[in-house]
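Read the figures in this text as sums done on the coordinates, not as results from a lab. Here the structure is a predicted model, which is why all the values come from computation and not from measurement. Reconstructed Cβ throughout: ideal geometry from the backbone, glycine too, with neighbour counts over all protein chains shown.
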Amino acid sequence: MTHRIAVIGGDGIGPEVTSVALEAIAAAGADVSPTEFDLGGQRYLRDGTVLDDQTLTELRTFDAILLGAVGTPDVPPGIIERGLLLKARFELDLYVNLRPFQLADGHSFTVIRENTEGAYAGEGGFLRKGTPQEIATQGSVNTRMGAERAIRYAFELAQARTRRHLTLVHKTNVLTFAGDLWQRTFDEVAVEYPEVTTAYQHVDAACIHFVEDPHRFEVIVTDNLFGDILTDLGGAVAGGIGLAASANLNPDRTGPSLFEPVHGSAPDIAGKGLANPTAAVLSASLMLDFLGDAECAQRMRAACDAVIADDAVPQAGTDEIAAAILARVTQPHMTRQ
Ligand code: IPM
Ligand code: MN
């Protein structure tokens, strides 16, 4: 069955890395039909479009969305982020942001970031803007349903892993309302997963452990903002942000899920052939896995792992890394069924 994929290359290095991801998908032999969508900061500058309702309706008809990166320095912060990426996450109910990390010694751990609420919800506003008495509030929205569905997903994932170990990361000692809701929900769901051992860490302490002792983690569940920050740190400790992949999942499959590298549009290196396409290829691999093509997903992941393990390649530019990945992903004598 052909998987219909919407591709949003976006801005900066985004299109450079999604094009490599599409080549890798084809080389792996996956049955994918891509449709490109011209969205992002450049499109906004041209005609004011961010993500209109008609395009959103169209996106809903696809099996998945592959996104490179969006955002450009010429557009004020928030317009593209909120109007495109966060709108897609919220409207498509992509409530799990799954971000796996693999260390050089082979240890891997996965962060499950709640993806629709918290400080990202957009609650708040200004009072007396522009006066010396100006007030800005930006609340963190935490619903029982929102916390519970992310936590349940994390327990299910931990249950299927070797160590069956799940860590809740929050800041319950200071965020006593949101933290209490998250901790209580976590403890209540934990009762249903007696085989999963659990731990709790404050987010600041978790930052130390990410750097000094990441082996203690297998699956982590956390809120939207903590997860955003922790996963950049995860990328940094696991070989650099050029390798970090992510899946924005609608686990109920009421619409397409969205797959994207953790990195941004990196305008400073755009067009120079310097972007590492590995994170985009790994994100496409997560996509194929979610669509049920475990074989092609595994082929792409194995190719990336081999390239990452090859000391010569990380210094290389986009084309060399792409060629190295494609050479390893291509299986000429494999017959398709
Ligand atoms: C990420 C990014 C986004 C986020 C931005 C671009 C809105 O940093 O996917 O981690 O904050 O979630
Ligand atoms: Mn981020």
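Structure values in brief
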quantity: Expected 222 nm ellipticity per residue - DSSP helices of 4 or more, -39500 (n - 2.57), all of the chain, to 500; calculated: -11500 deg cm²/dmol
quantity: Highest to lowest packing among 132-138, 281-287, scored as the average C-beta count within 10 Å; calculated: 281-287, 132-138
quantity: Shape call, the stretch 139-214: gyration tensor on alpha carbons, a/c limit 1.5; calculated: oblate
quantity: Net charge of neighbours whose Cβ lies under 15 Å from the Cβ of Ala324, counting Lys and Arg as +1 and Asp and Glu as -1; calculated: -3
quantity: Net charge, Val96 excluded, C-beta distance under 15 Å - Lys, Arg +1, Asp, Glu -1; calculated: -4
quantity: Sorted by Cβ density within 10 Å, fewest first, the residues Thr2, Thr330; calculated: Thr2, Thr330
quantity: Full-extension gain in nm, Lys87 to Leu103, via 0.36 nm per residue minus C-alpha separation; calculated: 2.5 nm
quantity: Glu156 versus Glu123: modelled label distance in nm, points set 7 Å from Cα along the beta carbon direction; calculated: 2.6
quantity: Loop GluC sites (Glu not before Pro), the stretch 195-295, which have at most 11 other Cβ atoms in a 10 Å radius of their Cβ (DSSP); calculated: Glu195
quantity: Local electrostatic count, Pro251, Cβ distance below 11 Å [Lys/Arg +1, Asp/Glu -1]; calculated: 0
